[in-house]
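I have placed the structure first, in the form of structure tokens, so that the comments after it can refer back to it.
The values are calculated or read from the model by the stated rules, or taken from the named source; none is laboratory data. Note that the coordinates shown come from a computational prediction; the quantities given were computed from them, not determined experimentally. FYI the Cβ positions are ideal-geometry reconstructions off the backbone, even for glycines, and counts take in every protein chain you see. Note: areas computed on protein heavy atoms with side chains; ligands, DNA, RNA excluded. Shrake-Rupley method; radii C 1.70, N 1.55, O 1.52, S 1.80 Å.
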Amino acid sequence: VVYEQDGVFIHSSCGKNDDQDNLIAGILRVIEKENEVVVDWRPLDETLDTSNILCAGKDSSSVVEWTQTPKEKCSRGADRPSSYEAEWDMVTTVSFKKKPHSNGDATTHANGESKWSFLFSLTDLKSIKQNKKGMGWSYLVFCLKDDVKLPALHFHHGDSKLLIKCLEKHVVLDESPDHERVLLVKTQKSLSQSFENLLDEPSYGLLQKLKRDPYTATMGRFSKVTNYIFDSFRLSDPSNQRRPPSEMADLIHDTIPGLKINQQEEPGFEVITRIDLGKQPEVSRREPVSAEEWAKNMDSEGRILDVDYIKRSIFKGGLCHTLRKEAWKFLLGYFPWNSSKEERANLQKRKTDEYFRMKLQWKSVSEEQEKRNSRLRDYRSLIEKDVNRTDRTNKFYEGEDNPGLILLHDILMTYCMYDFDLGYVQGMSDLLSPVLYVIENEVDAFWCFVSYMDQMHQNFEEQMQGMKTQLIQLSTLLRLLDSGFCSYLESQDSGYLYFCFRWLLIRFKREFSFQDILRLWEVMWTELPCQNFHLLICCAILESEKQQIMDKHYDFNDILKHINELSMKIDVEYILCKAEAISMQMMNCKELPQAVSEILGIESSSVTPDSDTGEDESGAELSCPASLYQSISTPVIAANGTQDSTQQMSETQSLTPA
């Protein structure tokens, strides 16, 4: 993705009235593919208008407070707990004006795509018409070579100049002699420079760069090591400056001793022999859980009636965006699944007081005190640095003095008070950013983040034990899935799977688009169909790339480079289908190795050493007892996005084992 802009609207009923229902919000992207460049516009699940973020200011005590309109104060004062409104003069929420949707979804055709979505190749572009200068929102109209005119795109957030500059890197645009507002497309330019020519840092300087960094051996800096490695391959003359693959592998192992893995010494290591897993089953996904479906599954007191059904439905289709703000609090463990609405309100009140007590601890530290507290000083410095570069292209965090950035900073600082031993480690801002974006409330976002960090804590500990364990487990799963591919990776000094480090550290945050990460995380948080499903997602991605890696005989350097270049190019729905298929494939296996059973959290039904059949004494066929198969009948969306409302889906769903 070489260009991305949200807040790009189609005015579907221009000239009638200015009602919001006539505006279709979307995101516009320019995408470089192997042989072409495409322009893609599609509607968003929900419109966020950053002009309506509440303005933040600082009082004399340096505690953030919000300025609101009288109307906002009245409407929000009733449901704000008075205990902290009186005691704490601090920010609690970011609010946006939203376009009303019943389920947060745009009108769609039968094939699942919005009728307004479009995509075209630059080779088909004939001309671009611009609006008159100074005439309202900036807009563009694309005309294709077959004289098809696409709907006008109105840029509500900024103008269209950046898009024009981006397109000019790939095509020559000349002003039409007949119409000054029309740009004509001339001959195609060559595509942008190759990856290797972007930077000129030689790989032999990598070791010195890492050794100069005093934090290299700690987790805070190791989260960057893959970026150092990838940077080293962006060379002006690869043939002269690249180190041999074996030397690069040794360099990683020697420079990062804390993560060197000796599988034979690690607990739970088991030699996996070749096992026939059978064919991967076909898997389809359903539409996202709607607000109506969620409401129907709640009783009069606000308790969820069928938790297992809701979790299975979220696993199979995710959530519509309007539901995420509420449902994520359950998925992350902030709200108990069996709680009533009143119980949740009381919980929020207690947690609000607890949060602001912790926040006041660091807010009230004077400059003199901080001079004598080097750890707090270091935490603050690193947080300020990372906050200023986290998701800054997202409207929620872009621009200076953005209230979203202030909340990001304050939550991370307060987390340091919550867990001072861990404090702040680079990468944690990546985990918080989508949570805050969805929750839009400082207190609730903090406690959701705490729950997420409880899952991810070991990833950020200095001894890196969590990362070591996951890499070993991933290697075990991949070897069962495809021992030949594992052997090839080992022959290229890539058997340790270090190139998956960033995937595991921050749960694919930088591999998928922001909207896709929201879908991926909520699916993983269901803890279905087995534990460590994120490792099967890794397997699905690697299996998808296996053929290219092996057919083109990629070496250590090429594998690192190829995996890095997958960022923002992975189809989340395809990978979720594939990962689920792999899970079903493994859970249906009657000879599943014990190590794999433990990783996936299922009871092994493998043939024991003293038996030679797959049957018990009564002659009944053995099965995986931890796979509690459920039948779910819903409309499904196949891999191509087509919805079939008549198709009934009966699938095996594995619940989390007791």
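At a glance:
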read-out: Filtered GluC sites (Glu not before Pro), the range 391-470: DSSP coil and at most 10 other beta carbons within 10 Å; value: Glu400
read-out: Cβ-defined net charge surrounding Met586, 14 Å radius [Lys, Arg +1; Asp, Glu -1]; value: -3
read-out: Net charge over other residues, Cβ less than 10 angstrom from the Cβ of Lys129 (K, R count +1; D, E count -1); value: +2
read-out: Additional length obtainable on full extension of the chain from Glu384 to Glu565, 0.36 nm per residue less Cα span; value: 62.3 nm
read-out: Sequence-distant residues sharing a close amide H with Val37 (under 5 Å, placed H); value: Leu122, Thr123
read-out: Karplus-derived 3J(HN,Hα), 6.51/-1.76/1.60, for each residue of the range 520-536, Hz, glycine and proline x; value: 4, 5, 5, 5, 5, 5, 5, 6, 10, x, 7, 6, 6, 4, 4, 6, 6
read-out: Fraction of accessible area attributable to carbon and sulfur, the range 319-459 (%, probe 1.4 Å); value: 43 percent
read-out: Relative contact order for the range 319-459, counting Cα pairs under 8 Å that sit 6 or more residues apart, in percent; value: 32 percent
read-out: Rounded accessible area per residue of the range 319-459, 1.4 Å, Å²; value: 39 Å²
read-out: Charge sum, other residues only, whose C-beta stays under 14 Å from Leu153's C-beta, Lys/Arg counted +1 and Asp/Glu -1; value: +1
read-out: Within the range 295-342, chymotrypsin sites (Phe, Trp or Tyr not before Pro) in DSSP loop having at most 16 other beta-carbon neighbours inside 10 Å; value: Trp337
